[in-house]
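Encoded as structure tokens, the structure appears first; notes follow it.
The values are calculated or read from the model by the stated rules, or taken from the named source; none is laboratory data. Quantities reported herein were computed from a predicted structural model and do not represent experimental measurements. Note: ideal-geometry Cβ built from the backbone for every residue, glycine included; neighbour counts use all protein chains shown.
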There are 2 protein chains.
Amino acid sequence: MNRRTATEAVHIQEVGLRDGLQNEPIVLTVRERAGLVEALVQAGLKRIQIGSLVNPRRVPQMAGTDQVWKMIRKSQGVRYSVLVLNERGLEQALAEWIPHVEVYVSASDTHSRKNSGASLKQALSSAVRMVSRAVEGGAGVTAGVMCAFGCYYEGGVSQERVLEIVAALEEAHPTEIALADTTGMADPVAVKRMVEALGKAIGSERLSLHLHDTRGLGMANLIAALEAGVRSFDTSVGGLGGCPFIPGAAGNISTEAAVEALENMRFSTGVAAGELLRIRSDLEKLLGRTLWRT
Amino acid sequence: MNRRTATEAVHIQEVGLRDGLQNEPIVLTVRERAGLVEALVQAGLKRIQIGSLVNPRRVPQMAGTDQVWKMIRKSQGVRYSVLVLNERGLEQALAEWIPHVEVYVSASDTHSRKNSGASLKQALSSAVRMVSRAVEGGAGVTAGVMCAFGCYYEGGVSQERVLEIVAALEEAHPTEIALADTTGMADPVAVKRMVEALGKAIGSERLSLHLHDTRGLGMANLIAALEAGVRSFDTSVGGLGGCPFIPGAAGNISTEAAVEALENMRFSTGVAAGELLRIRSDLEKLLGRTLWRT
């Protein structure tokens with residue numbers, strides 16, 4: 001990767017409101033979450049996952065995601081999305097005209113059974129149906145693969161398996177394909193190999209990466225993917241998403257660190273880093289804890 | 001960088017005892033520090049900076065570095081080193097037969113004046129003299145450049161300036177050249193450019209990098225340097241070296257994260273990651289605070 005003179009765009013999706021808040025012991029109100037979404041839009045973020053549509057008894061932090069959607073002032077050109085875990089959630093998203101949905105399936109059979117109660121095979125055919133239905137319903141769709149770089153239960157996940165899952169998802173014509181390093185087990189070599197193989201199969205411009213910093217490699221993995229042609233990443237303000245009970249336990253890549261690094265390397269994110277620091281500081285007050293700081 | 005089948009060695013120098021402890025409000029005793037050095041050797045580290053020889057009134061945490069050296073059981077094949085800031089410290093190191101010394105000069109004139117009270121030019125000629133004297137005295141020498149990737153006071157530092165400084169240091173025949181990202185301002189693009197230029201000038205195998213994770217890019221920078229041929233890095237257990245009063249403020253790259261990542265990428269560090277976790281846990285007890293955790 002060489003220093004370029006013209007800037008090239010990199011798309012940053014903020015996922016803190018979902019992948020971050022769902023781990024926090026303090027549950028934010030609908031109004032607080034809507035305020036955060038609007039502040040993130042003000043900061044220049046053009047892709048925001050506002051939450052997930054999931055049984056509130058299972059994940060109380062995500063209760064009222066539909067109300068967050070109703071409450072926010074919608075801005076032109078922003079891709080608001082929700083994560084849906086089942087057909088019920090998907091139908092709700094479509095009924096509410098949420099413009100973009102994300103559907104994930106795990107590359108690990110064991111993780112799939114523990115996470116969703118379904119085998120990989122069952123979960124995959126359900127995901128393919130959901131992607132089809134979402135496309136038919138007029139929504140943009142991210143079809144994602146969890147544990148794409150390894151699983152705590154099964155260890156390594158083969159590239160072949162990920163390619164097969166992506167091929168199956170592709171038949172339902174999602175807008176983009178996402179790979180999630182759910183366990184933080186990826187390293188830059190693995191990322192590059194996987195992205196190059198997937199780039200050949202579907203085009204790297206349709207690929208997005210959801211990377212965790214569990215082992216301190218989040219940013220290194222982002223840059224390896226960037227070198228291999230990926231231009232879309234999930235990040236979270238303050239690196240939300242780690243275990244809040246372990247000080248310093250890393251979650252997602254921090255949005256402010258990613259924005260700063262990308263802008264320094266002459267990529268254009270459209271995001272104002274200074275605004276993010278204010279949002280992080282507001283979040284620290286709301287959650288009563290210190291977040292990752294650059 | 002492709003996945004390799006045979007393992008290639010990467011040299012990790014532990015600098016926590018110097019660059020870490022010098023920032024801590026709790027001062028460890030000579031015996032505690034000597035115990036840490038021995039534990040690090042047990043964990044497989046072959047390069048350990050045991051402290052700096054500096055006025056104890058200026059840096060009380062480093063008082064008695066010579067006694068740490070006297071107290072430890074010396075192990076064959078381990079490169080014990082000290083940082084020396086002036087000729088007095090250097091003479092002490094040589095008198096004590098400390099086998100390896102490190103001499104640094106700042107690439108920023110402003111930083112040099114604030115840090116050492118000498119202009120870049122003065123500090124450089126003094127550093128060249130010290131390197132010569134150390135070589136003559138039979139010690140191995142790392143000649144390093146601080147702020148090689150930028151300075152808080154001056155902003156960017158040009159590649160030309162760094163190459164000039166290195167060329168001057170090279171005339172005194174140091175064992176290796178180190179570049180320090182003292183302020184954490186490097187990014188992978190800048191690292192690659194600098195390492196490629198320096199590799200041409202002196203050979204990348206004689207180059208070592210001292211990277212900080214101030215902005216979350218430490219590991220990404222390490223990997224960029226690795227791709228450009230560097231095989232020697234400074235790291236610290238628990239990422240010691242950040243500001244202890246700001247929770248989550250990053251210091252050096254954490255040794256345990258670097259070892260784990262390198263081993264996963266099939267590089268051989270010779271270090272047992274599990275042992276490092278025990279040392280980190282001991283350090284947390286000694287320092288009364290939580291350190292970076294993978």
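It is to be established whether one or more residues within region B:2-16 are basic (K, R) and within 14 Å of chain A (Cβ to nearest Cβ). Don't jump to the end; show me each part of the working.
Filtering region B:2-16 down to residues basic (K, R) leaves B:3-4.
Restricting the remaining residues to those that are within 14 Å of chain A (Cβ to nearest Cβ) gives B:3-4.
The answer is yes; a qualifying residue exists.
Among the residues of region A:143-155, what is the count of those that are in contact with a helix residue (DSSP H, G or I) (Cβ under 9 Å, 6 or more places away or on another chain) and either not aliphatic (A, V, I, L, M) or not in a strand (DSSP E or B) (or both)? It would help to see each step written out before you state the result.
Quick first cut of region A:143-155, residues in contact with a helix residue (DSSP H, G or I) (Cβ under 9 Å, 6 or more places away or on another chain) only: A:143-154.
Filter once more, keeping what is either not aliphatic (A, V, I, L, M) or not in a strand (DSSP E or B) (or both): A:144, A:147-154.
Residues flagged as in contact with a helix residue (DSSP H, G or I) (Cβ under 9 Å, 6 or more places away or on another chain) and either not aliphatic (A, V, I, L, M) or not in a strand (DSSP E or B) (or both) within region A:143-155 amount to 9.
Considering only region B:21-58, state which residues are among the small types (G, A, S) and farther than 15 Å from B:T255 by Cα. Working first, answer last.
Here is the first cut: in region B:21-58, the residues among the small types (G, A, S) are B:34-35, B:39, B:43-44, B:51-52.
Selection gives B:A34, B:G35, B:G51, B:S52.
Tally the residues that are touching a helix residue (DSSP H, G or I) at 6+ places or on another chain (Cβ under 6 Å) and aromatic (F, W, Y), restricting the search to region B:100-121.
Residues in region B:100-121 being touching a helix residue (DSSP H, G or I) at 6+ places or on another chain (Cβ under 6 Å) and aromatic (F, W, Y): 0 in total.
For region A:95-110, does any single residue satisfy the condition of being touching a Phe, Trp or Tyr at 6+ places or on another chain (Cβ under 6 Å), at pLDDT below 95 and not aliphatic (A, V, I, L, M)?
yes
Check whether at least one residue in region B:158-167 is buried (at least 16 other Cβ atoms within 10 Å of the Cβ), out of contact with any Pro (no Cβ under 8 Å at 6 or more places or on another chain) and among the acidic types (D, E), and report yes or no.
There is no residue in region B:158-167 that is buried (at least 16 other Cβ atoms within 10 Å of the Cβ), out of contact with any Pro (no Cβ under 8 Å at 6 or more places or on another chain) and among the acidic types (D, E).
Hey, among A:A180, A:A172, A:A168, which residue is of a type in the set (A, V, I, L, M, F, W, C), at pLDDT 95 or above and in contact with a Phe, Trp or Tyr (Cβ under 9 Å, 6 or more places away or on another chain)?
Details: A:A172 fails: in contact with a Phe, Trp or Tyr (Cβ under 9 Å, 6 or more places away or on another chain); A:A168 fails: in contact with a Phe, Trp or Tyr (Cβ under 9 Å, 6 or more places away or on another chain).
Answer to the selection: A:A180.
Go through region B:62-110 and give me each residue that's within 23 Å of B:L28 (Cα to Cα), out of contact with any Pro (no Cβ under 9 Å at 6 or more places or on another chain) and aromatic (F, W, Y).
B:W69
Would you call B:A118 among the aliphatic types (A, V, I, L, M) and at pLDDT below 95?
Working: among the aliphatic types (A, V, I, L, M): yes; at pLDDT below 95: yes.
Yes; evaluated as a whole, the condition is true for this residue.
So in region A:88-110, with the set limited to residues that are of a type in the set (D, E, K, R) and under 14 Å from A:R129 (Cα atoms), which one is surrounded by the most Cβ atoms within 10 Å (Cβ to Cβ)?
Quick first cut of region A:88-110, residues of a type in the set (D, E, K, R) only: A:88, A:91, A:96, A:102, A:109.
Then keep just the ones that are under 14 Å from A:R129 (Cα atoms); that gives A:88, A:91, A:102.
Working: A:R88: 12, A:E91: 16, A:E102: 28.
The qualifying residue surrounded by the most Cβ atoms within 10 Å (Cβ to Cβ) is A:E102.
Considering only region A:4-17, state which residues are of a type in the set (A, V, I, L, M, F, W, C) and surrounded by fewer than 17 Cβ atoms within 10 Å (Cβ to Cβ). Lay out the reasoning, then the answer.
Going through region A:4-17, the residues of a type in the set (A, V, I, L, M, F, W, C) turn out to be A:6, A:9-10, A:12, A:15, A:17.
Within region A:4-17, A:A6, A:A9 meet the criteria.
Would you check which residues across region A:18-49 are crowded, with 23+ Cβ neighbours inside 10 Å, within 16 Å of the chain's Cα centre (by Cα) and in contact (Cβ under 8 Å) with a residue 40 or more places away in the chain and list them? Talk me through it step by step, then tell me what you get.
Going residue by residue through region A:18-49, those that are crowded, with 23+ Cβ neighbours inside 10 Å are A:18-21, A:33, A:36-37, A:40, A:45, A:48-49.
Okay, now just the ones that are also within 16 Å of the chain's Cα centre (by Cα), so A:18-21, A:37, A:40, A:45, A:48-49.
Listed by number, the residues that qualify are A:R18, A:D19, A:G20, A:L21, A:V37, A:L40, A:L45, A:Q49.
Just to be sure, is B:T175 more than 9 Å from chain A (Cβ to nearest Cβ), under 23 Å from A:A258 (Cα atoms) and under 16 Å from the mean Cα position of the chain (by Cα)? If you could, list the steps in order and put the result at the bottom.
Details: more than 9 Å from chain A (Cβ to nearest Cβ): yes; under 23 Å from A:A258 (Cα atoms): no; under 16 Å from the mean Cα position of the chain (by Cα): yes.
So B:T175 fails the test.
Wholly within region A:178-294, which helices (runs of 4 or more DSSP H) include no fewer than the required count, namely at least 3 residues that are within 11 Å of chain B (Cβ to nearest Cβ), closer than 18 Å to A:A9 by Cβ and in contact with a Gly (Cβ under 9 Å, 6 or more places away or on another chain)?
Here the list reads A:255-264.
In region B:213-236, what residues are touching a residue at least 60 places away in the same chain (Cβ under 8 Å) and either over 13 Å from the mean Cα position of the chain (by Cα) or farther than 17 Å from B:E256 by Cα (or both)? Steps first, please.
Filtering region B:213-236 down to residues touching a residue at least 60 places away in the same chain (Cβ under 8 Å) leaves B:223, B:226-227, B:231-236.
Residues satisfying the conditions are B:I223, B:L226, B:E227, B:R231.
Does region A:110-132 hold any residues that are among the charged types (D, E, K, R) and within 14 Å of A:M146 (Cβ to Cβ), and which are they? Spell out the reasoning first.
Restricting attention to region A:110-132, the residues satisfying the condition of being among the charged types (D, E, K, R) are A:113-114, A:121, A:129.
Of everything in region A:110-132, those that are among the charged types (D, E, K, R) and within 14 Å of A:M146 (Cβ to Cβ) turn out to be A:R113, A:K114.
Does region A:141-155 contain any residue that is over 22 Å from A:R79 (Cβ atoms), without any contact (Cβ under 8 Å) to a residue 24 or more places away in the chain and within 14 Å of another protein chain (Cβ to nearest Cβ)? Give the derivation first.
Pass one, region A:141-155, residues over 22 Å from A:R79 (Cβ atoms): A:147, A:149-155.
Filter once more, so that each one left must be without any contact (Cβ under 8 Å) to a residue 24 or more places away in the chain: A:155.
Those still in the list that are within 14 Å of another protein chain (Cβ to nearest Cβ) too: A:155.
Yes, the conditions are met somewhere in region A:141-155.
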